[in-house]
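The values are calculated or read from the model by the stated rules, or taken from the named source; none is laboratory data. Just so it is clear, the structure is predicted and the values come from calculations on it, not from any experiment. Remember, those area values only see protein heavy atoms, side chains included, never the ligands or the DNA or RNA. Shrake-Rupley method; radii C 1.70, N 1.55, O 1.52, S 1.80 Å.
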Amino acid sequence: MRHRTEPLTFLCRTLVAEGSVESKALQRGRVRKIMTEAAKKLAACAAVDNHVQTNHVLGIGSGSTIVHAVHKLAERVKKENLNIVCIPTSFQARQLILQNGLTLSDLDRHPELNVAIDGADEVDSDLSLIKGGGGCLTQEKIVAGCAKSFIVIADYRKKSKNLGEQWKKGIPIEVIPMAYVPITRLLTNRFGGVTELRMAVNKAGPVVTDNGNFLLDWKFDKVHNWNEVNMAIKMIPGVVETGLFINMAERVYFGMEDGSVSVHEKPVH
């Protein structure tokens, strides 16, 4: 199912045509960035319009696409005088909620959510997801699991037939710090591929999650039965959570290059 708006390709070609002395490579990069952000916004706005109602308790995901969803949510709350309570999935989500003047709460006060909206690093044809590129997978999965409906928003780059076609950075796995070496060895020996400790960019040492743990990125080398692999990894002592979200997403909104929104429902087997 698709909903169409003004074609993004036409807009971006116009912008390139109006450019001056930028190199072709820079122009292409600029166009891709504009198209990607516009696609994210399209998906986010469609999801907020279709799934958020007054008196809802709403889970707010993390990442770049969710920024557009929160902006749209704040716009609707102000315009329609909606009564909305927001549950964050990360420090970033908490800051977004507060900065946009929305009502912040937590799972202690609101353990059952109407809807959770979040992004994804990749979505396959069964609506299985890889999440955790931003390191927030554990809280994201907890919040999604507390929601009656889990809605995913993404741009066209995240859509795949099989996991691993588009996302090449592996499946994030949050682990207790003292266990990262044995878990790294076990993952590679048991499931193949390569497992790496995620290192920080602007600090010395590894990335540390909001929960004080380390992240491993398992770069698998073949398509697996993801439900079985997910359960097997979660049983390893020291594993906190995986970035595999299996049988959780009810609907996915993809913002497309042509300005449409492609909606995918959870398949019935």
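Things to note:
- MRE, 222 nm, helices only [DSSP H, n ≥ 4, -39500 (n - 2.57), over the chain, to nearest 500]: -11000 deg cm²/dmol
- Probe 1.4 Å, all protein chains present, accessible-area order of Trp218, Trp167, Trp226, largest first: Trp167, Trp226, Trp218
- If both residues of a DSSP beta bridge must be in the stretch 116-269, then about 70% of such bridges are antiparallel.
- Solvent accessible area, Å² - Phe150, 1.4 Å probe, full protein context: 10
- Once the 1.4 Å probe is applied to the protein heavy atoms, the chain comes out at 50 Å² accessible per residue.
- Of Ala144, Ala47, Ala204, the residue with the greatest mean-square motion in the GNM of the chain, using alpha carbon springs below 10 Å, is Ala204.
- Applying the Karplus relation 6.51 cos²θ - 1.76 cosθ + 1.60 with θ = phi - 60° to the stretch 205-215 yields 3J(HN,Hα) values of x, x, 5, 10, 6, 4, 9, x, 10, 9, 10 Hz, where x marks Gly and Pro.
- Accessible surface of Asp221 - all protein chains present, 1.4 Å probe, nearest 10 Å²: 110
- DSSP H segments from the chain that extend 15 Å or more along their own axis, Cα-based, with Kyte-Doolittle mean of 0.0 or above: 180-191
- Counting DSSP beta bridges with both ends in the chain, the antiparallel % (nearest 5): 55
- Whether the chain is rounded, prolate or oblate, judged on the alpha carbon gyration tensor where a/c under 1.5 counts as rounded: oblate
- Our summary gives the chain a relative contact order of 24 percent, counting only alpha carbon pairs under 8 angstrom and 6 or more residues apart.
- Cα shape, the stretch 143-243, gyration tensor, a/c 1.5 rule: rounded
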